[in-house]
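Nothing in this text is a laboratory measurement; each read-out follows from the coordinates by a stated rule. All figures in this text were calculated on a predicted structure; none of them were measured in a lab. Note: ideal-geometry Cβ built from the backbone for every residue, glycine included; neighbour counts use all protein chains shown.
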Amino acid sequence: MNRSATANDILLPEEPQEDRFELVEYWRGITRRKWSVIGLTLAITLLTAVIVYSIKPVYRASALILIETGKSKVVSVEEVYSGVSANREFFQTQAEIIRSRELASKVVAKLKLATHPEFDPRQREPSFWSKWTAPLGLEPEKSEITEEAAEASAVGQFLGRLSAEPLKTSSLLRVSFESTDRELAARAANAVADAFIENDLEARYQMTQKATEWLNSRVAGLRQKLSESEKALQEYRERERIIDSKGLAQSGTAKVLEDLFAKLGEARQRRSEAEVAYNQVRALRGTAGANFESIPAVLRNPVFQDAKKAENEAEKRLTEVAQRYGKEHPRMVQAESELKSSRENTRRQIETIVSALAKEFEVTRANEAAVERTLGEARGQVQGVNRKEYQLGILEREVTSNRQLYDMFIGRFKETSVTNDLQSAIGRVIDRAQVPGGPIRPNTTQVIRTAFVLALLFSMAVALLLDRLDNTVKSSNDVENRLGVGVLSTIPIVAGGKDAAKRAYLKDPNSVFSESIRTARTGVLLSSIDEEHKVLVVTSSVPGEGKTTFAMSLAFAHAQTKRVLLIDADMRRPSVAKTLGFDKGTAGLSEYISGAAQASQVIVPIDDTEAKLLPAGHIPPNPLELLLSPKFELAINRLKELFDIIVIDSPPVQLVSDALIIAQHATGVIYVIKADDTPYPLARQGLIKLRRSGAPILGVALNQMDFKRADRYYGEYSGYATYGYKRYYGSKT
């Protein structure tokens, strides 16, 4: 590509297309912090249990009321007008009445709950916050609570604990009350049920009194109005000489009118049929060779049918005779004569029928006109009667309406006057509330179980969040995906700590640790295979990642087949010489670069190995100037002639720039990262610096990895081969 790549472009490869949020990744994130998850879950569950057991138990008592809608006969003003009976919302209405403030006030006053410790705000225990803030003077001054305020507070609390609900597919209402006092819960539920029935009786009595007074005032006016309407009706009958208004529909005039309408319909039908036949005859009469036999009226005529039948029989006989005799035979002549006579008869009958059709049309038309005239005269008479009936109907309807209204008011007046109905309540208590045996809440077992489940889910969510926030390098996949650099080898943790790891390769060549070092050695040998002399620089991001141990072990591994020199180039904090048992003031790299000593004077053999060591020597005032001098490059070139492989332990990249200078003279750089400890942004910045300086990076050595833990938590399978090696040789790390 033509554009220049930035540092982030160099070391930020594209994320792999695999799904990183598989269930197995979630599971590993949780199991990695399983003890924290278990501990947090148990802590939350224990806290919940303490809180639950400290809460006062709440008891619920319930009473059942049977609502008998059929006995409700006391009338309200609305029922007088509409006559509406109980509807489907009736039971819900009764439930709302039970939960009304008026009813609650009566029960509170009856049970004297305004002075009960559970309802009286003046006897309420101070809150947890008040107990701590009162001694400090932070609690606001409390105003004195009046009796009215205490009673209103008690009513509000009472309504909050009271419930009433209709039971499905029944006429029952369940009245329930909750309290921390089980006996009070039963007494309150029963008191509400009794107060509801008493309140209904009182309301019925008051409504009955009002209805009676109102009906009594209305009956007198209705009676007067009914008398006036009946008198007006009778006067109209006498004036118009109507004897029986109910017989008008059956009077002679109405019957004649109905008969005339029927006759007019028949006359019109006959006239229409005759007119059709007449028109057909008239249409054929002016044409040549007119055949009247095709007219339907002619065809339906019985005379024509008989004549036509005789003609057909004559033709049939002529046909039979013609088959036996000749044309001059007497029977043949007789048959022809009969046929001719039959045809002539048929023609005469047709002419007679055609003439009759014209006459019939004239008769039916005259008959229709006569019926219409008669009907017109009868209709005029009926209209006069209808006008009288209309006026009579108005008067009769007024009388009927007044009589019905009067009878209804009289009936309701008698109903409301019956004292027996006042003794019938809207319902009755069929099951009084009993003292509850156990609390309804808190359900300790269920709450603790729910708290445990929720706490477990919360703990796992926290574990997953911490796992997502953890930015350390955990596996070889993280190295390749996040850093964009290959892994030379993964180095396991050595039992015994850092001191044991520094000589682990020499003490146990068949261990998993030694095999991982040899894996790194193989990777180095395969890189730049054509170069005879290799200069390897081992560095890391920060101290404590095990770069010195790795550099020493890598030198020991190469020394088995090559001439190897191990250089301690960390002239700020040298540690190789001390680790291998050399004196602290041993001359080394600083003396060799400055020319104060020859190579033979500063290069010393390492016990139990074929490798040689070039210590750091005396620490100069400014090591960076020494490394930047041309003498350092000259010294490296001379040493390359003496050794096949040079392993340089350099300072960390993020602290000083020494490693960047040394890496410019190397054929390969190995970057050491401590597994599950080094943040990948820190390692990425170190690799960016090396790449910018032109250092040839061979790869990363992922150090101090717990293979079992990595395999279980991160899906790291790089340790399988080394563990197979361990089982094969039967060695121990």
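Values as computed for the structure displayed
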read-out	value
Label-point separation, Leu655 to Lys231 (7 Å along Cα→Cβ), nm	12.9 nm
Separation of the Lys210 and Arg99 label points, Cα + 7 Å toward Cβ, nm	2.5 nm
Rel. contact order, % - alpha carbon contacts under 8 angstrom, at least six apart, the stretch 512-647	33 percent
Shape of the stretch 563-661, Cα gyration tensor, a/c cut at 1.5	rounded
Residues in the stretch 613-649 reached by a label modelled at Arg563 [backbone nitrogen below 19 Å; 7 Å Cα→Cβ]	613-615, 634-648
Gain in span if fully extended, Glu336 to Ile410, counting 0.36 nm per residue against the direct Cα distance	16.7 nm
Two-site FRET efficiency, Ser54 against Leu465, from Cβ-Cβ distance with R₀ of 35 Å, rounded to 0.05	0.70
Long-range HN-HN contacts of Arg563 with modeled amide H, under 5 Å	Asp644, Ile645
Cα gyration tensor, the stretch 605-684 - rounded (a/c under 1.5), prolate or oblate	oblate
The stretch 592-647, dipole about Cα centre (Lys/Arg Cβ +1, Asp/Glu Cβ -1), debye to the nearest 20	240 debye
Pairwise FRET efficiency - Thr522 versus Leu634, Cβ, R0 = 51 Å, nearest 0.05	0.95
Restraint check, Lys547/Lys689; Lys502/Lys640; Lys308/Lys340; Lys110/Lys210; Lys547/Lys612; Lys507/Lys674, Cα-Cα greater than 20 Å	Lys502/Lys640; Lys110/Lys210; Lys507/Lys674
Inter-site label distance for Glu266 and Ala203 at 7 Å from Cα along Cβ, in nm	7.0 nm
Gain on full stretching of the segment that runs from Leu506 to Arg365 - 0.36 nm per residue minus C-alpha separation	36.5 nm
Cβ-Cβ FRET estimate between Glu480 and Thr445, R0 fixed at 56 Å, reported to 0.05	0.65
